[in-house]
There are 2 protein chains.
Amino acid sequence: MIRVSIIGSGNVAQHLIQAFSTTADIELVQVFSRKIESVSHLIPTEKIISNFSKLQETDITIIAVTDDAIKEVSQQLILGNQLVVHTSGSVAMNALQNHSRRGVFYPLQTFSKSKAVDFKTIPICLEAANQSDYQILETVAKTISNSVYAINSEQRKALHVAAVFVSNFVNHLYQMGNEICKGNQLPFEILKPLIQETANKIMTLSPQEAQTGPAKRHDTQTINTHLNFLTDENQKEIYKLLTKSIIDNGKKL
Amino acid sequence: MIRVSIIGSGNVAQHLIQAFSTTADIELVQVFSRKIESVSHLIPTEKIISNFSKLQETDITIIAVTDDAIKEVSQQLILGNQLVVHTSGSVAMNALQNHSRRGVFYPLQTFSKSKAVDFKTIPICLEAANQSDYQILETVAKTISNSVYAINSEQRKALHVAAVFVSNFVNHLYQMGNEICKGNQLPFEILKPLIQETANKIMTLSPQEAQTGPAKRHDTQTINTHLNFLTDENQKEIYKLLTKSIIDNGKKL
C-alpha cells in the first residue's frame with residue numbers, strides 16, 4: 001500500500017482524488033485545501049487539512065496547484081526526506097529543488113470539474129530525480145492508468161505546447177463553429193458528428209492523410225466565398241492564417 | 001423503391017454508393033465515372049457508365065463532383081423533367097438552374113476514401129426548389145441517415161464555413177501537434193486520448209464551458225515559455241493569433 005497526500009483542490013487535484021479513491025493499492029492519507037468545502041464531496045472531512053504543519057508522513061506528496069504557485073508551495077513543505085512531485089505540463093522538475101527526492105506526475109488530459117474522465121486511458125508522464133523514485137511513481141501511475149510514459153522536462157514542455165494546439169486551440173475553433181451556427185439559426189448539434197469523426201480519423205490515419213477541405217484542394221473560389229461570408233474580423237484573420245498554413249504545408253511535401 | 005443515379009467517383013460519391021448499397025429502399029441504377037476502375041470495387045461494372053448519353057431515367061440524379069465542375073456537369077445532363085441534386089456545402093442550389101426540379105443533398109461529414117463512416121450518424125442537409133421534391137429527398141436521406149435537416153442555401157454556406165473551422169482547421173492543428181511530437185522524440189499516440197476527450201467534452205459542455213489552457217487563464221508566463229520554445233515561425237504566428245483570440249473572447253463575456 002503506497003501512502004499518498006495531495007496538495008490542492010483544483011481540477012487536477014479533484015480528478016486525482018477520485019482516481020485514487022477507486023484503487024485499493026493507494027491510501028489517500030490527506031488532502032490540503034484552503035477551503036474544506038472544495039473537496040469535502042470527494043473525501044471524508046477528517047482527511048482534509050488547511051495547514052501545512054498538519055501534514056503526516058507519506059510515501060509521496062503530490063502538489064496539484066496552479067503553475068505559478070508550485071515553487072512557493074514546495075518551499076513551504078517541510079517534509080524530511082519524502083518524495084515530492086508536481087502535476088504540471090509546463091513547470092520544470094527543478095521548481096521543487098528544495099526537495100532532494102523530487103519528480104513530476106503529469107496526467108496529459110483536459111480536466112473540467114463538471115465532466116468525469118476515465119483515468120485508465122489518460123497518459124501519465126513521469127520524471128524523477130533518481131531511478132528508485134521513478135519506480136515508485138511508475139507503480140502509483142499504473143494503479144490508475146494503462147498508459148505511463150517516462151518524459152523528461154524538455155520533452156514535457158514540448159508535449160504541453162503540442163497539447164495547447166490539439167486541445168485548447170481546437171476547442172476555440174469549436175467555439176467559432178458554434179458562433180457561426182448561432183449567427184445563422186443553425187443548431188450546434190449538426191456539427192457534432194463532424195467534430196467526432198475528425199477526432200476519430202486520426203486514430204487510424206496520420207493528420208497529413210486525414211486533411212481535407214478547400215485549403216488542401218487549393219480551391220481559391222471557395223476560400224474567397226468563405227472570406228466574403230465572414231463578417232467577424234477575428235474569424236477572418238484566423239481563417240486566412242490557417243488556410244495559408246495548410247497550403248504552405250502542402251508545398252513542403 | 002426510389003431509383004437513384006450518381007454522377008462522380010470521388011470521396012462523397014464513393015461513400016454514397018456504399019450507403020445506398022446497404023439499403024433495400026433505394027435502387028442504385030447507374031454510376032457515372034470517367035474511369036470504370038474508380039468505382040468498380042463498389043458496384044457491378046455493368047452499372048458504371050462514362051458517357052452521359054447512356055444515363056437511364058431515374059427518380060433522382062445526384063451530382064457528386066468537385067464544386068468547380070457542378071455547373072458544367074449539370075448543363076451536360078439532358079434528363080427531361082427529372083430531379084437533379086448536388087452534394088456540395090458551398091455551391092448554391094441555383095448552380096443547377098437548367099433543371100426546373102433541383103435540390104441539394106449535402107452530407108455534412110469529412111470523407112476519406114480509406115476510412116469507412118457510419119452514414120446513420122451523418123447529418124444530411126436538404127434543400128429543394130419545390131415541396132414535393134423536398135419530400136422525395138427526405139425519404140431518400142432517411143434511408144441512410146437518422147439525422148436529416150432542411151437547410152437553405154445561405155445557411156448551408158454558413159454551415160460549410162463552420163465545418164472548415166471545426167474539421168479542416170482542427171485537423172491542421174492535430175498536424176502541428178504531430179510535428180511538435182516528432183521534433184522531440186515523442187510518439188503522437190500520447191496526444192490521442194487528449195484529442196478524443198477534447199472532442200467528447202463538447203458533446204455535453206458548450207465550447208465556452210469546455211475551454212481550458214494558459215490563454216483562458218491569462219497565464220502570460222506559460223504563454224511566453226511556449227512562444228520561446230516554438231522555433232517554427234508559422235506555428236508561432238498561429239499560437240499568437242489563437243491565444244489572442246481566446247483572451248479577447250474572455251473579455252467579451
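By the scheme Lys and Arg +1, Asp and Glu -1, what is the net charge of all other residues having a beta-carbon under 10 Å from that of residue A:167?
On the way: positive: B:201; negative: B:197.
That works out to 0.
Separation of segment A:135-167 from segment A:206-253 is 32 Å, based on Cα centroids.
Placing unit charges on each Cβ (+1 for Lys and Arg, -1 for Asp and Glu) gives segment A:14-97 a dipole about its Cα centre, and among A:83, A:43, A:28 the Cα reaching farthest toward its positive end belongs to A:43. Among all the aspartates and glutamates, which ones have a C-alpha under 17 Å from residue B:35's C-alpha, if same-chain residues fewer than 8 places away are not counted? Partners found: B:46.
Give me the inter-chain shielding for B:215-228: mean count of other chain Cβ atoms within 10 Å, whole number please.
Values: counts 4, 3, 3, 0, 4, 0, 4, 10, 2, 0, 7, 7, 1, 1.
Average neighbour count from other chains, rounded to a whole number: 3.
In a reduced charge model with +1 at each Lys and Arg Cβ and -1 at each Asp and Glu Cβ, segment A:151-223 shows a dipole moment near 100 debye about its Cα centre.
Past the 31 Å Cα-Cα mark, which pairs from B:142/B:216; A:182/A:252; B:201/B:240; A:71/B:244?
Values: B:142/B:216 41 Å; A:182/A:252 37 Å; B:201/B:240 24 Å; A:71/B:244 27 Å.
Cα-Cα > 31 Å for B:142/B:216; A:182/A:252; rest within.
If you put +1 on each Lys and Arg Cβ and -1 on each Asp and Glu Cβ, how big is the dipole of chain B around its Cα centre, in Debye rounded to 20? All intermediate terms of the calculation are to be shown ahead of the outcome.
Numbers: 24 positive and 23 negative charges, 68 e Å.
The dipole magnitude comes to about 320 debye.
Counting beta carbons within 10 Å around each of A:28, A:159, B:77 and listing the fewest first gives the order B:77, A:28, A:159. For chain A, the C-alpha radius of gyration sits at 1.23 times the compact-globule guess of 2.2 N^0.38 Å, with N the residue count. Per-residue mean of foreign Cβ neighbours for B:60-67 is 1 (Cβ atoms of other chains, 10 Å radius).
Remark: mean inter-chain Cβ contacts per residue of B:143-155 equal 2, using a 10 Å Cβ-Cβ cutoff to other protein chain atoms.
Under a Gaussian network description of chain B, with springs only between Cα atoms under 10 Å, the residue in B:11, B:94, B:184 that fluctuates furthest is B:184.
Loop-located GluC sites (Glu not before Pro) across segment B:46-144 with a Cβ neighbour count of 13 or fewer within 10 Å are B:57, with loop assigned by DSSP. Exposure proxy shown here: for B:16, A:241, the number of other Cβ atoms within 10 Å sets the order, fewest to most, as A:241, B:16. Axis-proximal residue of chain A for the rotation onto chain B, reported as residue and distance in whole Å: A:199, 2, based on Cβ position.
Think of it as helices only: each DSSP H run of n ≥ 4 in the protein assembly as shown is worth -39500 (n - 2.57), and spread over all residues that comes to -12500 deg cm²/dmol at 222 nm. Rounded to the nearest 20 debye, the dipole size of segment A:2-151 about its Cα centre is 220 debye, using +1 on the Cβ of Lys and Arg and -1 on the Cβ of Asp and Glu. Within the listed set B:53, B:100, B:206, the Gaussian network model of chain B (springs between alpha-carbon atoms below 10 Å) gives the highest mean-square fluctuation for B:206. In chain A, taking the dipole from charged Cβ atoms about the Cα centre, the farthest positive-side position among A:70, A:5, A:122 is held by A:122.
Since every read-out is calculated from the coordinates, none of them should be taken as a lab result. No experiment lies behind these values; they were computed from the predicted model shown. All Cβ positions, even for glycine, are placed from backbone atoms using ideal geometry, and neighbour counts span all protein chains on display.
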